[in-house]
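Notes follow once the structure below has been shown.
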Amino acid sequence: MEKDTVEIDLDDPRFRIKPYQQMIASCTGALITSMIVTPLDVVKIRLQAQQKAMLSNKCFLYCNGLMDHLCSCGNGKGPEWLRANGKFNGTFDALFKIGKKEGILSLWSGLSPTLVLAIPATIMYFVSYEQLRISLKDYHNSKINKEKLHQEQPFWIPIVAGGTARVFAASLVSPVELIRTKMQSQKLSYAELRQALKTVVKYSGVSGLWMGLSSTLLRDVPFSAIYWFNYETLKKTFVNFQHTFTFNLIAGAVAGSVAALSTIPFDVVKTHRQIEMGEKEIYSDKPVRTSSTISIIRRIYDQNGVRGLYTGLAPRLIKVAPACAIMIATFEQGKRFFQERNANEMLGLESNVRFFRHNNT
């Protein structure tokens, strides 16, 4: 009975969950999160793409699902969806107009590649983070001869582990992320994905599938480092509170919101660069190089000031807060389930061993 009242340390070396258990724990959260936040992601990217279409004298033209081409548009025309829906005046206005003019299901455009993206990315990200964090924690405590059952975790470990894990995950799924952004910004159909990939490879080579990775890492690495630092700090600060599912929801939402607010300018740049992926001068056979991160930031700032760098902030925060909350709470719940299972198996095995020894003495 006493064992049931004891709070199990999730980092207890005796009961640590295995990598395949971490994989299972992360998959459910990825699926649920993707279903809930995809409409908000569509709106966020549409708002950022709308801003980009208005930044220059060039506009997007929808060409039977092929990649965007740039041409001089003195009449101010923009992407097909922008002409059909009119200018979006915020998150809820975009949700209403897209749902009304394009159909409710269009809010889940790009869901298939989102799921294809979410599953491997989430598995690699969370498993990598946990393995790195535990390894660094064990190494740190071995250097100071800390007892294994009472280890401490310095603040820099979640920062290093979070940033490194994000590099691995983002590099793995960058091609799918790029195509997903294109689908959501222009409402490409699923049947046109293959042609989109061919267009990218034709003009930019295989490396073109990783176009925009640098700006993605510029956003995701600091986001991950800030997120995990905040989350682990909240857990450490409220160490006397029971870390229930509700606690993890709140901690994940707070940590994610702070990280999103800190990195939104880089999210804007990332979307701009990925939308430029298929843009070519219509009268030139040579592809146009995408702008550098610095030049994009400067152009946005010159046109709209600091406010322009925070385009899509509201839908990003609305998306990130529940996404981080659901993902981390589900993951932690899965970890606890498997750890309690491992603990019961271990304690049961030890009890059987003691019983066997007692009966044989």
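Results, tabulated for the structure shown:
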quantity	calculated
Count - residues of region 92-122 that are modelled with pLDDT of 80 or more, under 22 Å from the mean Cα position of the chain (by Cα) and of a type in the set (Val, Ile, Thr)	2
Residue match in region 227-234 (condition: under 14 Å from the mean Cα position of the chain (by Cα) and part of a helix (DSSP H, G or I))	yes
Residue within region 155-173 that is open to solvent by 40 Å² or more (accessible area, probe 1.4 Å), modelled with pLDDT under 80 and assigned to a helix (DSSP H, G or I) present	no
Subset of region 174-212 that is of a type in the set (Gly, Ala, Ser), at pLDDT 75 or above and in a helix (DSSP H, G or I) - its residue that is surrounded by the fewest Cβ atoms within 10 Å (Cβ to Cβ)	Ser207
Breaking point among (1) more than 30 Å from Ile32 (Cα to Cα); (2) in contact with a Phe, Trp or Tyr (Cβ under 7 Å, 6 or more places away or on another chain); (3) open to solvent by less than 30 Å² (accessible area, probe 1.4 Å); (4) hydrophobic (A, V, I, L, M, F, W, C), for Met346	(3)
Residue within region 245-262 that is open to solvent by less than 80 Å² (accessible area, probe 1.4 Å) and modelled with pLDDT under 80 present	no
Cβ-Cβ under 8 Å pairs, at least 6 apart or on other chains, region 233-262 side closer than 27 Å to Leu309 by Cα and polar (S, T, N, Q), far side open to solvent by less than 40 Å² (accessible area, probe 1.4 Å) and in a helix (DSSP H, G or I)	Ser257/Val320; Ser257/Ala321; Ser257/Cys324; Ser262/Phe223
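The values are calculated or read from the model by the stated rules, or taken from the named source; none is laboratory data. All values derive from a computational prediction rather than experimental measurement. Counting neighbours? That spans all protein chains shown, and the Cβs are built from the backbone with ideal geometry, glycine included. Quick note on the areas: whole protein, heavy atoms, side chains included, nothing else; ligands and nucleic acids left out. Shrake-Rupley method; radii C 1.70, N 1.55, O 1.52, S 1.80 Å.
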